[in-house]
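Below: one structure, written as structure tokens.
The values are calculated or read from the model by the stated rules, or taken from the named source; none is laboratory data. Everything numeric in this text was worked out from a predicted model, so none of it was measured. Every residue, glycine as well, gets a Cβ built from its backbone with ideal geometry; the counts of neighbours run over all protein chains shown.
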Amino acid sequence: MKKMLIVEDDVTFLGLLSHVLRNQFEIYEACGVNEALKLLENISVDLICSDYNMPGGTGLELLEQLHRSGKKISFILMSGTEDSFVVHSVKFYGGTFCNKTDSDLLTTIRKKQIVNSGDWFMG
């Protein structure tokens, strides 16, 4: 079973998303960027699904740090609003942007399960 890290500061949404996806993924949870980075020191995951706007750092900053460190992990950035800079930045780093309110959020996450995690960085 593939491993997924969900990074979300809204604990209600975090719990709901974790519950819905537990049958498809081994789920790990973090409530912010720093917690996610500490978790990633000890575990490896196939997919990260991160909120954009969180106290202590954004999901885009997490994606940039992973890119700089050379870690190749499929990445989905979720946000309630679509800012063109954020959407283009996520694509630049090889991630996928998905609106939290989009009815295709779960479909997008589940599709990443079957995609090779090596598709992450431009190429």
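Based on this model, can you work out whether GLU82 counts as of a type in the set (Asp, Glu) and free of Cβ contacts under 8 Å to residues at least 24 places away in the same chain? Considered against the rule, which asks whether it is of a type in the set (Asp, Glu) and free of Cβ contacts under 8 Å to residues at least 24 places away in the same chain, GLU82 comes out as yes. Listed by position, the helices (runs of 4 or more DSSP H) enclosed by region 1-114 that each have at least 2 residues that are of a type in the set (Val, Ile, Thr) and surrounded by fewer than 21 Cβ atoms within 10 Å (Cβ to Cβ) are 11-21, 84-92, 105-114. If I filter region 31-54 for residues that are of a type outside the set (A, V, I, L, M, F, W, C), touching a Pro at 6+ places or on another chain (Cβ under 8 Å) and either closer than 20 Å to THR108 by Cα or modelled with pLDDT of 95 or more (or both), do I get at least one hit? The answer is yes, given that some residue of region 31-54 is of a type outside the set (A, V, I, L, M, F, W, C), touching a Pro at 6+ places or on another chain (Cβ under 8 Å) and either closer than 20 Å to THR108 by Cα or modelled with pLDDT of 95 or more (or both). Check region 48-66 and report whether any residue there is without any contact (Cβ under 8 Å) to a residue 40 or more places away in the chain, hydrophobic (A, V, I, L, M, F, W, C) and out of contact with any Lys or Arg (no Cβ under 9 Å at 6 or more places or on another chain). Yes, some residue in region 48-66 is without any contact (Cβ under 8 Å) to a residue 40 or more places away in the chain, hydrophobic (A, V, I, L, M, F, W, C) and out of contact with any Lys or Arg (no Cβ under 9 Å at 6 or more places or on another chain).
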